[in-house]
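Working notes, beginning with the structure itself.
The values are calculated or read from the model by the stated rules, or taken from the named source; none is laboratory data. Since the model is a prediction, treat every value here as computed from it, not as a measurement. Neighbour counts are summed over all protein chains in view; Cβ atoms, including those assigned to glycine, are modelled from backbone coordinates with ideal geometry. What goes into the accessible areas is simple: the full protein's heavy atoms, side chains included, and nothing from ligands, DNA or RNA. Shrake-Rupley method; radii C 1.70, N 1.55, O 1.52, S 1.80 Å.
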Amino acid sequence: MKVLVAVKRVIDYNVKIRVKADHSDVDLTNVKMAMNPFCEIAVEEAVRLKEKGVATEVVAVTIGPKAAQEQLRTALALGADRAVHVETEERVESLAAAKLLAKVVEEEQPGLVILGKQAIDTDNNQTGQMLAALAGLPQGTFASEVTVENDKVQVTREIDGGLQTVELTLPAV
């Protein structure tokens, strides 16, 4: 089974951000960028699935400027097999990212798509849900554990009062 993992380029979480003088945005001049920490966790989970023999291939995908290749190289260093870069210099909001990722899902035909729970820059937590709706895929959010057996995925997540496990059926690929 092929696993597709989306990774996002964000300001490194150790960097103190500065606001532009006109207060229009964050000043990115000479700022260290990194892979979103939650995306890194998603890549690590995909690699674990590969090490268990569940996944046969891990494909990292990012949407962003040419410099986002750095985050793809990080994903490859973590154990991803291939990387896909949808290059754009435009700022990409959640819905646009979901639409672009849906096209990549259509082309790659993965058995499983993993995204981090949210990005630390916009903190929206929208892209995964939008992608699932656009691609017609089941979704499990805020996973603390993922178990794959045959065509079923069990997603365990923490909720108020304990743990909740949801079982999803993987799409036929």
Residues that are outside any strand (DSSP E or B) and either at pLDDT below 95 or not polar (S, T, N, Q) (or both), drawn from segment 73-82 | Arg73, Ala75, Leu76, Ala77, Leu78, Gly79, Ala80, Asp81
Could you tell me which of the residues Glu93, Glu87 is modelled with pLDDT of 95 or more and either open to solvent by 70 Å² or more (accessible area, probe 1.4 Å) or not charged (D, E, K, R) (or both)?
-> Glu87
Residue in segment 46-69 that is most open to solvent (accessible area, probe 1.4 Å), counting only those that are assigned to a strand (DSSP E or B) and among the β-branched types (Val, Ile, Thr) | Ile63
Right, Thr127: open to solvent by less than 40 Å² (accessible area, probe 1.4 Å) and under 18 Å from Ala46 (Cβ atoms) or not?
-> yes
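Here's the yes/no breakdown for (1) touching a helix residue (DSSP H, G or I) at 6+ places or on another chain (Cβ under 9 Å); (2) part of a loop (DSSP other than H, G, I, E, B); (3) within 14 Å of Asp121 (Cβ to Cβ):
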{"residue": "Val10", "(1), (2), (3)": "yes, no, yes"}
{"residue": "His23", "(1), (2), (3)": "no, yes, no"}
{"residue": "Thr29", "(1), (2), (3)": "no, yes, no"}
{"residue": "Phe38", "(1), (2), (3)": "no, no, yes"}
{"residue": "Gln71", "(1), (2), (3)": "yes, no, yes"}
{"residue": "Val84", "(1), (2), (3)": "yes, no, no"}
{"residue": "Lys99", "(1), (2), (3)": "yes, no, no"}
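Across segment 146-171, what is the total count of residues that are surrounded by 11 or more Cβ atoms within 10 Å (Cβ to Cβ) and part of a strand (DSSP E or B)? If you could, list the steps in order and put the result at the bottom.
In the first step, residues of segment 146-171 are kept if they are surrounded by 11 or more Cβ atoms within 10 Å (Cβ to Cβ); the result is 146-148, 151-158, 164-168, 170-171.
Keeping just the survivors that are part of a strand (DSSP E or B) gives 146-148, 152-158, 164-168.
Residues flagged as surrounded by 11 or more Cβ atoms within 10 Å (Cβ to Cβ) and part of a strand (DSSP E or B) within segment 146-171 amount to 15.
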